[in-house]
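**Q** Here it is, the structure, as structure tokens.
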Amino acid sequence: MSASFLEHITATLDTIRADGLYKTEREIVTPQSGHIAIADGVQRRPMLNLCANNYLGLADHPEIIAAAKQALDADGFGMASVRFICGTQTIHRELERAIATYLGKDDAILFAACFDANGGVFEPLLEAEDAIISDSLNHASIIDGVRLSKAKRYRYANSDMSELEDRLKEANKEGARFKLIVTDGVFSMDGFVANLPAICELAERYGAMVMVDDCHATGHLGPEGKGTPALTGVGQRVDIVTGTLGKTLGGAMGGFIAAAQPIIDLLRQRARPYLFSNSLAPSIAAGSLKAIEIARHADDRRAKLMRNTSRFREGMTKVGFELLPGDTPIIPVMLHEANLAQDMARELDRRGIYVAGFFFPVVPKGRARIRTQMSAALDDSDIDTAIAAFTDAGRQLGII
Ligand SMILES: *Cc1c(COP(=O)(O)O)cnc(C)c1O
């Protein structure tokens, strides 16, 4: 190993630290839930968790754990194969069919993660004569996926429908054969829902298709948790939905794409992260299948999630915090400076509240925040405890 290379890497790390952008990991010693504990020397310290993607609180659901255990016994630990060689069990196809039925599509295809689904979706479907029109705040995996395709790329400012229309006109003028508009269903750093009715309307007017990445919605937003297309009433006007099994739907891992049959069939032939990466573990497939069944009928959990969301929003606004507007369970508390977000996270940690500061490169410079996420695993009293801790820490740091 060259000493100068390691020095170079060390200098980069020093810069990240000096800029207040260095991320550290705390070790959790419990299952994922609203109430967790972290390792603190030889002690365990109880914490209230306000930053998991565990929206419905299914990550430690006993029926999901039981389904996964049963599959471990029945189907083994791992597949040691990609899907097309010898990595497809009945449980994988059952899960794909369940996802497709849930989201009202012909079929679905599983990936190791939604990062892979987004990384693999564009390149097989679109070619150099086609156009991808992408929201500027789309998830990193969409940005990477778009880069891997040969299609022409167009970008519009976040949720700016007149810019989207300009890009569609531009793509038409430049002779695009097929056009695909792609957006997050919920913008994960800001917590608001994409304007899908306007996007679908423009898509239809300009002859484009629509793809939605619904990672922060599937399972908890919309009727039966069917996500932002159902929530915003556009339903099947969205052509391609990508999503994750790693958030609301049990929170283990895995991603998927749901769409019309020929699209899924071609992705099975050509999507590189599908062809060249291992099949999902059977226990994860079985647990996720159970999670979908539970999520579908979890109106009680969805109601509790929404109640927690409005209770936290109202309480935090009342004591004077700057929140980004929205009505999803993602509630960003704006602090603007990365160091302040880090300090606030540290002060909250001392008060038994587990949150994470978000700063560049995850959000733009000067837009640092603590992104809180509500969960059905939290109760009214937990929300009140969290607001009290924020208030105390915020006063100490002179934020409110
Ligand atoms: C979390 C997330 C992903 C990645 O999902 P994984 O299954 O964890 O890889 C992709 N897109 C969006 C919008 C996300 O929030």
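Read-outs throughout are calculated quantities, based only on the coordinates presented, and are distinct from any laboratory measurement. On a predicted model such as this, the values are computed, not experimentally measured, just so you know. Every residue, glycine as well, gets a Cβ built from its backbone with ideal geometry; the counts of neighbours run over all protein chains shown.
**Q** Starting from the 7 Å offset along Cα-to-Cβ, what nm value, one decimal, do you get for the label separation of VAL319 and LEU72?
**A** Each label point is offset 7 Å from its Cα along the Cβ direction, giving 4.0 nm.
**Q** While we're here: Rounded, prolate or oblate: which fits region 163-285, taking a ≥ b ≥ c as square roots of the Cα gyration tensor eigenvalues, rounded meaning a/c under 1.5, else prolate when a/b beats b/c?
**A** Note, shape of region 163-285 comes out oblate.
**Q** For PHE5 and MET253, what is the calculated FRET efficiency with R₀ set at 35 Å and r taken between the beta-carbons, to the nearest 0.05?
**A** It comes out at approximately 0.60.
**Q** Which distance in nm do the two modelled labels at GLU170 and ALA39 give, with both placed 7 Å along the Cα-to-Cβ direction?
**A** 5.0 nm
**Q** Across region 138-267, how many lysine pairs, 8 or more apart or on two chains, come within less than 28 Å at their alpha-carbon atoms?
**A** 9
**Q** Cβ neighbours within 10 Å, averaged per peptide: list 129-140, 105-116, 179-190 in order, most packed at the top.
**A** With the highest mean Cβ count within 10 Å placed first, the list reads 179-190, 105-116, 129-140.
**Q** So what does the Cα-only Debye profile of region 1-94 read at q = 0.19, 0.24 Å⁻¹, as log10 I(q)/I(0), no solvent term?
**A** With no solvent term, the Cα-only Debye profile gives -0.96, -1.17.
**Q** Continuing with this model, one more query. For the chain, state the average projected area of the convex hull of the C-alpha atoms over all orientations, rounded to one decimal in nm².
**A** 21.7 nm²
**Q** Whole-Å semi-axes of region 50-115's equivalent ellipsoid, largest first, each the root of 5 times a Cα gyration tensor eigenvalue?
**A** In descending order the semi-axes read 22, 18, 13 Å.
**Q** Pulled fully out, how much extra length does the chain show between ASP380 and ALA80, if you take 0.36 nm times their separation in residues and subtract their Cα-Cα distance?
**A** The span from ASP380 to ALA80 would gain 103.5 nm if fully extended.
**Q** Still on this structure, I have one more. Using 0.36 nm per residue of separation minus the Cα-Cα distance, give me the extension gain between ARG395 and ASN278 in nm, one decimal.
**A** Stretched out fully, the ARG395 to ASN278 stretch lengthens by 37.2 nm.
**Q** Further question: Give me the distance in nm between label points sitting 7 Å out from Cα along the Cα-to-Cβ direction at SER162 and ASP106, one decimal.
**A** According to this spin-label approximation, the distance is 3.9 nm.
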